[in-house]
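Down below is the structure, laid out as structure tokens.
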Amino acid sequence: MSTSTIRATPRVGATLPIIAALATAYLAAVLWLTVRPLPWVTETNETPLGVLNPAAWLDTAAWVDGPSAEIVANVVMFLPAGVFSALLLRGGMRVLAPLALTVFIEVVQIPLESRISHPRDLVANALGAMLGLAAVAVARWMSRRLRQEPASTRV
């Protein structure tokens with residue numbers, strides 16, 4: 001392999017600072033969207049102590065009455081958390097970090113008058129993060145398969 005070929009091939013480690021910067025910007029945006037006090041007070045139907053109250057987890061009406069668009073938005077908002085976690089962290093921290101983030105957000109929302117801490121949000125956020133982790137795992141698996149497969153058998 002010539003020197004020019006080696007230089008033209010990007011190093012995987014060279015993208016790490018870019019991914020870390022994007023992850024930091026994403027984290028700042030999520031925290032701004034989820035824990036800043038809103039200029040208006042929403043009508044809350046929150047169970048006292050939110051996700052920390054077992055009654056909030058057992059209230060079946062709260063699980064089925066919530067707006068589905070909000071649930072989908074929470075899942076989508078946390079997909080990048082799983083992706084960034086998979087790209088930047090190793091081992092069990094890949095799973096633990098995005099789960100800790102959603103627990104942190106839901107607990108911080110408890111005393112905020114304009115926010116609602118609810119188990120439904122925690123579960124939707126966690127689902128989004130796990131789907132992001134799974135997407136990276138599938139992409140890595142497919143990448144390895146393509147590298148191992150002879151070029152003549154590719155479609």
- Message: Regarding the stretch 120-127, can at least one residue be identified that is within 20 Å of Ala29 (Cα to Cα) and at pLDDT below 95?
- Response: yes
- Complete set of residues in the stretch 79-115 that are among the charged types (D, E, K, R) and touching a helix residue (DSSP H, G or I) at 6+ places or on another chain (Cβ under 6 Å): Arg94, Glu106, Arg115
- Would a scan of the stretch 136-153 turn up a residue that is in contact (Cβ under 8 Å) with a residue 12 or more places away in the chain and under 14 Å from the mean Cα position of the chain (by Cα)? yes
- Item | All positions within the stretch 120-134 that are in contact with an Asp or Glu (Cβ under 9 Å, 6 or more places away or on another chain) and either buried (at least 23 other Cβ atoms within 10 Å of the Cβ) or among the charged types (D, E, K, R) (or both) | Arg120, Asp121, Asn125
- Query: Just to be sure, is Pro80 at pLDDT below 95 and not small (Gly, Ala, Ser)?
  - Reply: no
- the stretch 35-46 residues that are modelled with pLDDT under 60, paired with ones that are in a loop (DSSP other than H, G, I, E, B) and basic (Lys, Arg) (beta carbon under 7 Å, 6 or more apart): none
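The values are calculated or read from the model by the stated rules, or taken from the named source; none is laboratory data. Keep in mind it's a predicted model, so treat the numbers as computed, not measured. Methodologically, a virtual Cβ is constructed for each residue, glycine included, from the backbone with ideal geometry; neighbour enumeration extends over all protein chains shown.
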